[in-house]
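Colleague: First the structure, then my questions, so here it is.
Read-outs throughout are calculated quantities, based only on the coordinates presented, and are distinct from any laboratory measurement. What you see is a predicted model, and the numbers here were worked out from it, not measured in a lab. Cβ coordinates were reconstructed from backbone atoms using ideal geometry, including for glycine residues, and neighbour counts include every protein chain displayed.
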Ligand code: 26Q
């Protein structure tokens, strides 16, 4: 077979092996004997991509020729995870792959492992984007994911000898990326800087520098849909133009500088997952991908014309703004229509308004993105003018609606103080057609608190779409053993396309034989995770202990501190003899978390956890009853190993702070029980799986609010609960810092004097619920019945359902015809 022949389908393992050999020879230039595992990975990826090509091209043709509106999912992050197994699954080639690669003398899992995980996201928001494009393709909805191909992804986390986090660059593109196709012919020019001048009564932007945006296309194959969508990630390159070319060396180097700077735009993913104010490069990134993506959509949907009829744009594509990061796209579409294509303001406004919708992922007011108007004016002077006019129009509209002066001031998109800022969430909420939160509680709080003024004036814009996760990656690929058992229990594997079918497992929770099989699967997953931990981290885990897991970014509001304090209190109980070590339910406490590099208290919490782990490991009094394991560099790969092995899932954020959470959904679907607060999607998970099958504790949103109003004093709780006091004292007295009382002083002082997220106030309730957890765990049959009910009743949390909700409530579009 040559490069130009269409691959055969269906395919035998032998034929697949042949194709891999061909790829090894004609793309890698090696024989199977010379090939390294990584070569086989690249060759396999090349072959799989070829098998998806016809579906990919047909999907694009059908999208352009048909009359189904497409979705453009604009996101600064796509946290995809490794691609090979997912692509094999969706191409229907997994069995052939296993056999073919073995036949070639390689271990299939080693081939899969050879892929370097692309870490182009921080956490929940980026992973949600990845789940959503999987579901869009699986439902056959024509869609583009649009984002940035960062050269450096989220930093690689290491721990130093003191247990502190070290950040190392994640140069993932130094490895071959067989999935991304660089399409030089479909580049876009993105302009920056300069000024706006008046020419013939028109405002004309004269930019001072430009960046070349080059699309790198990734196939997004659907599961059992025959559809393959596109993830288009932009790479920044410089143009080979020099402003001031002279023959003087130093001037030459000066002249090259802007070129070098241009390429910085897609160089690195910002590792903060809440707003860092005013970073110029971050705004450049945002405009870079928003502008390139909108121009690209015009090119795609109006091929072969310089005079597109953009009045129909909103019938061709609807843009979903994944948080405020791409919101600068709103004035950009206005500018394109007015300045580049000559439309009047009102026409441009109508199209822009119809085209954009905004998803909010936070509740913390301080996390709502704002940009100094001065910075926008410097980088994007024409956009600032447009934003000023939008703001004027908005104020007139509010006045006409009878809004008070106070309310108008609170709502300004562009503030009118000494240092005006542009509030991106407000711009998106006003300009777009819809704004949605990511869980019922979150959407309610957006209306009642965070965006209250807006929901008063524009109530119909506010929607909820509860998040979801893809069952393909997070059940089928991550947990093959459970997947087989589910298929056996249901008598079909259709649940992978229709996760509500999991309800059929509920009666099996009463079938002891099935429950035992389920327990065996969980145990095997624990053993597999212990093996992985031994190999990768040199850790010794005991699969006969309860696996109790907390994985998420390290944030004060998520309250990793609550969990570590409870562990320390238990340790203190052992040391003081208050509990007999033999009476303790053995637990392995597993943490996975990265902290933003500049987030001092978060990094200190990581250091504390690591050092508590060390002390406990080295204390014979503990007798192996409790162990902390904190694998460094938690990522999608580790998540896929750890979630199926987890029995108890920690979702312990302060009520009213976690917008949704998505690991909570992954855990429930993989048969873990949750200990959690009434926060984010926990509320809906508990409603669905049943209050009896969920360990609820802690203050509610209302109780939290009341306590803030009364004035919260954490030291009262410290004084009132001797266990809590003992734990905090232990941190303060140097037990976990070789006797040094200074190491954790800032953390201790924060707990005792501020404790903004009320860790101390919830401590006793969190401790009390542990007894219920241990009691249930002692009855393994009962525990596993409840775990099965969690699986059976969590089908709602498929991202397929989320996407259907977006289709019905926001996008008003549908699947392509089969
Ligand atoms: C913005 C501006 C400048 C620098 C960084 C940022 C930035 C980057 C990433 C701000 C926020 C993020 C990521 C936020 C995030 O992951 N939020 C989570 O989204 C999930 C999906 O909806 C929810 O489940 C989580 O509750 C929410 O915390």
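Colleague: Just need the relative contact order of segment 471-804 here, percent rounded to a whole number, with Cα pairs under 8 Å and 6+ apart.
Modeller: 23 percent
Colleague: Gain in length, residue 492 to residue 691, computed as 0.36 nm per residue apart minus the alpha-carbon separation, to one decimal in nm?
Modeller: 68.8 nm
Colleague: Expressed as a whole number of Å, what is the distance separating the alpha-carbon centroids of segment 607-641 and segment 780-809?
Modeller: 30 Å
Colleague: So, one more: If you find the alpha carbon centre of segment 503-568 and of segment 67-98, how far apart are they in angstrom?
Modeller: Between the Cα centre of segment 503-568 and that of segment 67-98, the gap is 27 Å.
Colleague: Counting DSSP beta bridges with both partners in the chain, what percentage is antiparallel, nearest 5?
Modeller: Counting only bridges with both partners in the chain, antiparallel ones make up about 40 percent.
Colleague: Then there is this: Would you please give the FRET efficiency between residue 600 and residue 774, computed as 1/(1 + (r/R0)^6) with r the Cβ-Cβ distance and R0 = 30 Å, to the nearest 0.05?
Modeller: According to the calculation, E is roughly 0.30.
Colleague: A further question on this structure: What are the semi-axes of the equivalent ellipsoid of the chain, taken as the square roots of 5 times the eigenvalues of the Cα gyration tensor, listed largest first and rounded to whole Å?
Modeller: Whole-Å semi-axes of the equivalent ellipsoid: 43, 35, 27.
Colleague: Kindly identify segment 674-755 as rounded, prolate or oblate by the Cα gyration tensor criterion: order the square roots of the eigenvalues as a ≥ b ≥ c, call it rounded if a/c is under 1.5, otherwise compare a/b with b/c, prolate if a/b is larger, else oblate. Mind dumping the intermediate values first?
Modeller: Values: a/c = 2.87, a/b = 1.81, b/c = 1.58.
In terms of gyration-tensor shape, prolate.
Colleague: How far apart, in nm, are two points set 7 Å out from the Cα along the Cα-to-Cβ line at residue 26 and at residue 410?
Modeller: Taking the simple label geometry, residue 26 and residue 410 are separated by 6.7 nm.
Colleague: What base-10 log of the normalised intensity I(q)/I(0) is obtained for segment 471-804 from the Debye formula, alpha carbons as equal point scatterers, at q = 0.09, 0.15 Å⁻¹?
Modeller: -0.46, -1.29
Colleague: With a ≥ b ≥ c taken as the square roots of the eigenvalues of the C-alpha gyration tensor of segment 712-753, please select rounded if a/c is under 1.5 and otherwise prolate if a/b is larger than b/c or oblate if it is not?
Modeller: Oblate, because a/c is 1.5 or more while a/b does not exceed b/c.
Colleague: Where the centroid of each part is defined by its Cα atoms, how far is segment 304-333 from segment 433-482 in Å?
Modeller: Each part reduced to its Cα centre gives a spacing of 23 Å.
Colleague: Next up: At 0.36 nm per residue, and after removing the present C-alpha to C-alpha distance, how many nm does the segment from residue 582 to residue 506 gain when stretched out fully?
Modeller: 23.8 nm
Colleague: Here's something else I'd like to know. So for the pair residue 366, residue 417, with labels modelled 7 Å out along Cα→Cβ, what separation do we get in nm?
Modeller: 1.5 nm
Colleague: Something else: How much length would be gained if the chain were fully extended between residue 208 and residue 264, taking 0.36 nm per residue of separation minus their Cα-Cα distance, in nm to one decimal?
Modeller: Net length gain for the segment: 18.5 nm.
Colleague: Would you please classify the overall shape of segment 357-443 from the alpha carbon gyration tensor, given that a ≥ b ≥ c denote the square roots of the eigenvalues, rounded means a/c under 1.5, and beyond that prolate means a/b larger than b/c while oblate covers the rest?
Modeller: Oblate.
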